[in-house]
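Any read-out appearing in this document is the output of simple, stated calculations on the displayed coordinates, not a laboratory observation. Since the structure is predicted, the reported quantities are computational estimates derived from the model, not experimental observations. Neighbour counts are summed over all protein chains in view; Cβ atoms, including those assigned to glycine, are modelled from backbone coordinates with ideal geometry.
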Amino acid sequence: MQYWQIFLILISGFIGWITNWIAIKMLFHPRKPINILGITIQGIFPKNQSQFAQKLGKLVSGEFLSFSDIENKISEPTNIHKMMPLIESHIDTFLKERLSEQLPMISMFIGDKTISRLKSTFMQEIETLLPPVMKSYAGQLKNDLDLEAIITQKVAHFSSDRLEELLYQIMAKEFRFVEWVGAVIGLIIGSLQVLITTLAN
């Protein structure tokens, strides 16, 4: 094999690699539109960020995270039980300390047994009351909080630099693989060109 043939194969491989490298870079660059000979060039993500934000907002609010899911989750008995120790601690403090401060005359006639009974009664009522209260709160939250609009706004104002950094952290190996695939395909094409030229001669 002659030197020019080896050079042709290497050039083809380099062209395949650089083409894919440029394609990956053009996902994020240029950040702002650039007009070249009447053609506007801008990175795919920066150009379509607002549309991407809207679609992601609809997808997340409609498919991944709905208020009905939140409502069911926060009113589950297991989650209610997790809240009870904190509530019990506050009721205990109120009955033993705050009540005597606020109503000293009444606290004089309340002993430990009465406090224990009161606390037990309060805890039973609260445990019964919490699920419908949490559901009602979730329903009110749905009216006051537009989840789709919040996600859309957050994504639309997300920094392009930060987005590129995150994607490179997640997909660095995949991007390098795409670059090397381009190089390999280029080498194959270059080898075929040399082969065809050699056979033709």
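For Gln54, put the label point 7 Å out on the Cα→Cβ axis and report which residues of the stretch 13-39 keep their amide N under 15 Å from it.
In the stretch 13-39, the label zone of Gln54 (backbone N under 15 Å from the point 7 Å along Cα→Cβ) covers no residue.
So, with +1 on the Cβ of K and R and -1 on the Cβ of D and E, and no other charges, what is the size of the charge dipole of the stretch 3-200 about its Cα centre, to the nearest 20 debye? The partial results should precede the final answer.
Details: 19 positive and 19 negative charges, 108 e Å.
It comes to approximately 520 debye.
Would you mind computing Rg(Cα) / (2.2 N^0.38 Å) for the chain, counting N as its residues? Don't skip to the end; give the middle numbers.
Numbers: Rg = 33.1 Å, N = 201, 2.2 N^0.38 = 16.5 Å.
Relative to the rule-of-thumb radius for its length, the chain sits at 2.01.
At 222 nm, what value in deg cm²/dmol follows for the chain if DSSP H runs of at least 4 each add -39500 (n - 2.57) and the sum is divided by all its residues, to the nearest 500?
Rounded to the nearest 500, it is -25500 deg cm²/dmol.
How do Thr152, Thr19, Thr114 rank when sorted from fewest to most other Cβ atoms within 10 Å of their own Cβ?
On the way: Thr152 21, Thr19 14, Thr114 11.
Lowest count first: Thr114, Thr19, Thr152.
Along the positive direction of the dipole of the chain (beta-carbon charges: Lys, Arg +1; Asp, Glu -1; about the Cα centre), which of Ser75, Asn20, Thr114 reaches farthest?
Asn20
Order of His29, His90 from fewest to most other C-beta atoms within 10 Å?
His90, His29
So what's the gap between the Cα centers of the stretch 113-157 and the stretch 1-35, to the nearest angstrom?
Using only Cα atoms, the two centres lie 57 Å from each other.
Would you work out the relative contact order for the chain, in percent, from Cα pairs under 8 angstrom that are 6 or more residues apart? Intermediate values should be presented prior to the final figure.
Values: 160 pairs, mean separation 91.4, N = 201.
Reported relative contact order: 45 percent.
Exposure proxy check: Phe177, Phe158 ranked by fewest other beta carbons within 10 Å? Display every interim value, and only then the final one.
Numbers: Phe177 12, Phe158 15.
Fewest-to-most Cβ neighbours within 10 Å comes out as Phe177, Phe158.
Check the straight Cα-Cα distances from Lys154 and name the lysines below 26 Å, setting aside those fewer than 8 residues away within the same chain.
Lys154 reaches Lys25, Lys32, Lys47, Lys55, Lys58, Lys73, Lys142.
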